[in-house]
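Novice: I am attaching a structure below and will ask some questions about it afterwards.
Values quoted throughout were computed directly from the atomic coordinates according to the rules given, and no laboratory measurement underlies them. Predicted model, so just to flag it, every value in this text is computed and none were measured. Every residue, glycine as well, gets a Cβ built from its backbone with ideal geometry; the counts of neighbours run over all protein chains shown.
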Amino acid sequence: MPAMKLRSGALALALSLAAATASHSASAETLDIGVMGELASFDTSQVAGGVWESQVLRDVYEGLMKLSPEGELLPGMATDYSVSEDGRTYTFQLREGAQWSDGEPVTAEDFVVGWRHLLDPANASKYAYMLYPIVNAEAVNTGEMPLEALGVESLDNGRTLRVELESSTPYFPQLLAHYTAYPQPAHLLEKYGRDWVNLDHIATNGAFHPVNWVSQSYIEVEKSPTYYDADDVTLDGVTYHTTEDRNAAISRFRAGELDIVREYPSERYQWLKENLPDATHMAPYLGSYYYVLNQRDGHPTTDVRVREALNLAVRRDVIAQQLMQGTFEAARSFVPPGVAHYQQQQMPLPGGDMDARMARARELLQQAGYGPNNPLDLRLRYNSSEEHKRIAVAIAAMWRPLGVNVEMINSEATVHYQSIAEGDFDVARAGWIADYNDAENFLALLETGVGNNYGAYSNPEFDALMKKAAQTQDADAREAVLEQAEQLALDDYALIPLLFYVSRNLVNPALSGWEDNVQDNHPSRWVSFDD
Amino acid sequence: MLNYIAKRLAMAVPTLLIVITVSFFLMRVAPGGPFDGERQLPPEIEANLMAAYHLDEPLWMQYLRYMGNLVQGDFGPSFKYKDFSVTELIMQGFPVSLELGALAIALALLLGIPMGVMAALRRNSALDYSLMGVALGGIAVPNFVIAPLMALFFGVILGWLPVGGWNGGALPNLVLPVIALAIQQIAYIARMMRASMIEVLGSHFIRTARAKGLSEREVILRHALRPAMLPVLSYLGPAIAGIITGSVVIEQIFGLPGIGRYFVQGALNRDYTLVMGTVVFYGVLIVLMNLIVDLLYSLFDPQIRYDDD
């Protein structure tokens, strides 16, 4: 049997490689990427969420900053910037000669207009809060102030952009590479209103511009000759294929129809690693998979002893290595490794002997008043997916020896998140993928009163530290405060850290300029086919 | 006949009205809303969204607004796919689903009817058993199993056909999805055809035809086939409406831009306007297909006439 498996694997590999080479002599320099879903809009104010969306948008637009293949910040539409002493005023010098794909120059005015557009309440942008660090942004977004009150200004005929922030925001440059901070072409917005993104007259300022979009099938973009670095862009175009069926995407990759498949299903990892070793990528990713512990009144998980016991009994390595076959990393903290300017923290969980840990967990539950006569009943919610289910079942089994009865409730994502936002659970599955590479993006989820703080964890000391971090200019000092804050939350067993996400991509081995990175961002402008 | 058609169409209006109304309110009763997701939105942003889509109005007002727009042929904007209106999405996707579905139905009739007839004529023979065995397999194996296997075999291993993509409806891209869609229909039609053929062959008028000394070929083709087609015909109405409104499974596996997935995705995303748009569209299609089938009856069965009297 093993011999046969090997043979069929080798055959498949040979065939797929042959097919991959064959297809590329035909359509020389077009990159075919299989993405998970459909772009919501080319109007960045209307987009919220998908990794696939930022892939398309990053290729056609460029913010003040852009990302290198490794995910490092590079100057984009701004060639230089300065920050005031108090960290609240940023002044950007716009790139000479940067153009929209219709030949109009990209000016500071395009950023002013684009950001106002995002914050205009009439446009109902889901991600408008990304720009809340800017002076009056929140007030503008709630309609309390006019758009003109926003703290951005175009100076010297659009060559300079000045941005005023509410308070010093050390991660602000990171935000500038996010699609919410992209410019919008003022001249088109004025002419067409929200319809400016219509492909008949859209203009973009990135390395590529969109030429064709068949909803639910593909988006085609072509290299922009007006892009300032066009000489350096080797691809003629990119096609993003909507491939929701991930296994079908793998077949299309093997047949040479796709060069890149984003987010292949984790259960296929072992097979892919054996059969397409050169194409199969897996790398740390800024995402945390955790269980929320409900700390609203009336839930057993308000008791820190219960929270510690539940944390103690979870065998993270077993879940990561055996259950998920290495497609996740075990997590003992909330902020994942790889976050810039940050040292990973640890939840105080004794390592090694599981029996000792279970004994300690039992003792804690007993102290909290639970035992054979008064078993701990927990309602565990997760959103329907085979993966989440397997993990939930395993965790329930790990808690069972403690006498914990778990009632499992699964529902589709919409219902799941609504239920946990309403606090209708004891323990619930959640995940967080970083918007920008900064520990604050994770830790903010544990601040009192924050919408995504599903468990309603509240510790004034933690809140004070977060506030202090926000006001700390010095990067090292700020890092220390954030680390202190996370350690505090981990000592409180504020949640159950379980796993860290990894990025999973299939990449044609004939490509250069595609590098694994913690944010899983891969601008196509760096990518080329080896000859 | 025209009178009959007019009457039927008039009757369709209240039916559709009920379908639309029930769907509208069912959709709103479902827990969760279009803006509930992994990321909880700050309340002020949720308020902006609710206002932008008029979801902050009382439900009856939203209903009236929806019906008002619908009468003018406006399905509203999609909540999820912002660069397209629901009408645009349906108009872009429907030709794809229609082409796929029509080809699949044609293939199913072309293969299913002769299979059923042959099985009926050689009743209880090896041929009958093997044809019906194949048909049973076609019904039993779901298309989410068949489709990836076909893609793997013909696309990846043999490399004869593209594994996925629409490519403007190029023939090679159509082959696998059409076959995958047709398999189950072939099976249904073959089994239905066999059963009704057997029944018809046992009836008096066939005995009479044979007694007149007609050749077996003439008996089958001229006298038995048409009445035996009636059950298939009644099945075809809803089946065609179902198949040309797309199959979410086939579309996802082959990456085709049909409208099948809008219904499922719309429902999961609570994309109210998209779901309503597909419901209305599907409803109208079913009504029309049923009407066409009823009209076709008169061609196949001389006992049925729609006279204007």
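Novice: Figure the gain on full extension for B:Leu149 and B:Asn69 (residue separation times 0.36 nm, minus the Cα-Cα span) and round it to one decimal in nm.
Specialist: Details: separation 80, 0.36 × 80 = 28.80 nm, distance 4.43 nm.
Full extension of this stretch gives 24.4 nm more.
Novice: Related question: In degrees, nearest 10, range 0 to 90: what is the angle between the Cα axis of helix B:260-269 and the longest Cα principal axis of chain B?
Specialist: Computed tilt is about 30 degrees.
Novice: Local charge sum around A:Pro460 (other residues, Cβ-Cβ under 11 Å, Lys/Arg +1, Asp/Glu -1)?
Specialist: Details: positive: A:Lys467; negative: A:Glu447, A:Glu461, A:Asp463.
My count for the surroundings of A:Pro460 gives -2.
Novice: Another question, if that's okay. Would you list, by chain and number, the aspartates and glutamates whose Cα falls below 16 Å from the Cα of A:Lys468, excluding same-chain residues fewer than 8 positions away?
Specialist: A:Asp86, A:Glu166, A:Asp438, A:Glu440, A:Glu447, A:Asp476, A:Glu479, A:Glu483, A:Glu486
Novice: Add +1 for every Lys or Arg and -1 for every Asp or Glu among the other residues with Cβ under 15 Å from the Cβ of B:Arg210, and state the total. All intermediate terms of the calculation are to be shown ahead of the outcome.
Specialist: Details: positive: B:Arg207, B:Lys212, B:Arg217, B:Arg222; negative: B:Glu216, B:Glu218.
In short, +2.
Novice: Moving on to the next point. Setting aside same-chain residues fewer than 8 positions from B:Lys80, which lysines have a Cα under 18 Å from its Cα?
Specialist: A:Lys126
Novice: I need the Debye-formula profile for segment A:409-531: one equal scatterer per C-alpha, no solvent, reported as log10 I(q)/I(0) at q = 0.19 1/Å, two decimals.
Specialist: -1.08
Novice: A follow-up question, please. Counting only other residues whose beta carbon sits under 11 Å from that of A:Gly513, what net charge do I get with K and R as +1, D and E as -1?
Specialist: Values: positive: A:Arg525; negative: A:Glu70, A:Asp232, A:Glu515, A:Asp530.
Around A:Gly513, the surrounding residues sum to -3.
Novice: I would also like to ask the following. According to a simple spin-label model (label point 7 Å from Cα along Cα-to-Cβ), what is the distance in nm between B:Ile139 and B:Leu225?
Specialist: Between B:Leu225 and B:Ile139, the simple spin-label model gives 2.5 nm.
Novice: Charges on Cβ only, +1 for Lys and Arg, -1 for Asp and Glu, centred on the Cα centroid of segment A:287-503; of A:Pro375, A:Gln346, A:Asn410, which one is farthest towards the dipole's positive end?
Specialist: So the residue furthest toward the plus end is A:Pro375.
Novice: I'd like the FRET efficiency for B:Tyr297 and B:Ala6, computed as 1/(1 + (r/R0)^6) with the beta carbon distance as r and R0 of 25 Å, rounded to 0.05. Working shown, then result.
Specialist: On the way: r = 18 Å, r/R0 = 0.72.
About 0.90, to the nearest 0.05.
Novice: Would you mind computing the Rg to Rh ratio of segment A:122-194 from its alpha-carbon coordinates, Kirkwood style for Rh? Please list the in-between numbers first.
Specialist: Working: Rg = 12.8 Å, Rh = 13.5 Å.
Rg/Rh for segment A:122-194 comes to 0.95.
Novice: Just round it to a whole percent: the fraction of Cα-Cα distances in segment B:175-218 exceeding 16 Å.
Specialist: Roughly 55 percent, once rounded to a whole number.
Novice: Placing +1 on the Cβ of each Lys and Arg and -1 on the Cβ of each Asp and Glu in the protein assembly as shown, which of B:Val71, A:Ser288, A:Ala108 has its Cα farthest towards the positive end of the resulting dipole?
Specialist: In the protein assembly as shown, that residue is B:Val71.
Novice: For A:Thr160, list long-range residues whose amide hydrogen, built 1.01 Å from N in the peptide plane, is under 5 Å from its own amide hydrogen.
Specialist: A:Leu94, A:Ala108, A:Leu155
Novice: Here's something else I'd like to know. Check every DSSP H run in chain A and write down those whose alpha carbon atoms cover 18 angstrom or more along the long axis and whose mean Kyte-Doolittle hydropathy is -1.0 or greater. Kindly include the intermediate steps, with their values, before the conclusion.
Specialist: On the way: long enough: A:2-26 (37 Å, 0.78); A:354-367 (20 Å, -0.76); A:386-399 (20 Å, 0.20); A:475-491 (24 Å, -0.26).
Helix filter hits for chain A: A:2-26, A:354-367, A:386-399, A:475-491.
Novice: Sticking with this one: Only Lys, Arg, Asp and Glu count, each charged at its Cβ (+1, +1, -1, -1), so figure out the dipole size of chain A about its Cα centre, rounded to 20 debye.
Specialist: Numbers: 39 positive and 76 negative charges, 445 e Å.
The calculated dipole for chain A is roughly 2140 debye.
Novice: Also, quick follow-up: Under a cut-off of 18 Å between alpha-carbon atoms, report the aspartates and glutamates in cross-link reach of A:Lys273, not counting same-chain residues fewer than 8 places apart.
Specialist: The qualifying aspartates and glutamates are A:Asp259, A:Glu263, A:Glu329, A:Glu515, A:Asp516.
Novice: Starting from the Cα-Cα distance between A:Leu199 and A:Ser458, subtract it from 0.36 nm times their residue separation and give me the gain in nm to one decimal.
Specialist: In short, 88.5 nm is gained.
Novice: Can you give the relative contact order of chain A as a percent, counting alpha carbon pairs under 8 Å and 6+ residues apart?
Specialist: Relative contact order of chain A: 20 percent.
Novice: Rg and Dmax of the protein assembly as shown, Cα atoms, in Å?
Specialist: 30.6, 108
Novice: What spacing in nm lies between the two simple spin-label points modelled at A:Thr79 and A:Glu190, each 7 Å away from Cα in the Cβ direction?
Specialist: 2.5
Novice: Mind jotting down a quarter of the surface of the convex hull over the alpha carbons of chain B, in square nanometres, one decimal?
Specialist: Values: hull surface 85.2 nm².
Computed as one quarter of the Cα hull surface, the answer is 21.3 nm².
Novice: At 222 nm, what helix-only mean residue ellipticity would the protein assembly as shown give, in deg cm²/dmol to the nearest 500, using -39500 (n - 2.57) for each DSSP H run of four or more?
Specialist: Values: 27 runs with 375 residues, N = 840.
So the helix-based figure for the protein assembly as shown works out to -14500 deg cm²/dmol.
Novice: Treat every Asp and Glu Cβ in segment A:287-503 as -1 and every Lys and Arg Cβ as +1, leave all other atoms uncharged, and give the resulting dipole magnitude about the Cα centre to the nearest 20 debye. It would help to have the intermediate numbers written out before the result.
Specialist: Working: 18 positive and 29 negative charges, 136 e Å.
Its charge dipole is roughly 660 debye.
Novice: Another question, if that's okay. With +1 on each Lys and Arg Cβ and -1 on each Asp and Glu Cβ, and nothing else charged, work out how big the dipole of chain B is about its Cα centre, in Debye to the nearest 20.
Specialist: 1280
Novice: Pop out the ³J(HN,Hα) list for segment B:205-220 in order, Karplus 6.51 cos²θ - 1.76 cosθ + 1.60 with θ = phi - 60°, rounded to Hz; leave Gly and Pro as x.
Specialist: Per-residue couplings from phi come out as 5, 6, 4, 4, 4, 5, 4, 5, x, 5, 5, 4, 4, 5, 4, 5 Hz.
Novice: So for the protein assembly as shown, taking the charge dipole from beta-carbon charges (+1 Lys/Arg, -1 Asp/Glu), which of B:Phe300, B:Ala6, B:His204 sits furthest toward the positive end?
Specialist: About the Cα centre, the residue reaching furthest to the positive side is B:His204.
Novice: Under a GNM of chain B (C-alpha, springs under 10 Å), which listed residue has the highest mean-square fluctuation: B:Pro43, B:Pro148, B:Pro177?
Specialist: Largest GNM mean-square fluctuation: B:Pro43.
Novice: If I model a spin label at A:Ala475 and A:Asn212 as a point 7 Å from the Cα along the Cα→Cβ vector, what separation in nanometres do I get?
Specialist: Each label point is offset 7 Å from its Cα along the Cβ direction, giving 4.4 nm.
Novice: Can you give me the P(r) profile for segment A:287-503? Cα pairs, bins 5 angstrom wide beginning at 0, each as a whole percent.
Specialist: Whole-percent P(r) values from 0 Å outward: 1, 7, 15, 20, 21, 17, 11, 5, 2, 0, 0.
Novice: Considering only C-alpha atoms, what is the centroid distance from segment A:150-188 to segment A:43-68, in Å?
Specialist: Here the two parts' Cα centres lie 15 Å apart.
Novice: Whole angstrom only: what separates the Cα centroid of segment A:273-324 from the Cα centroid of segment B:193-248?
Specialist: 61
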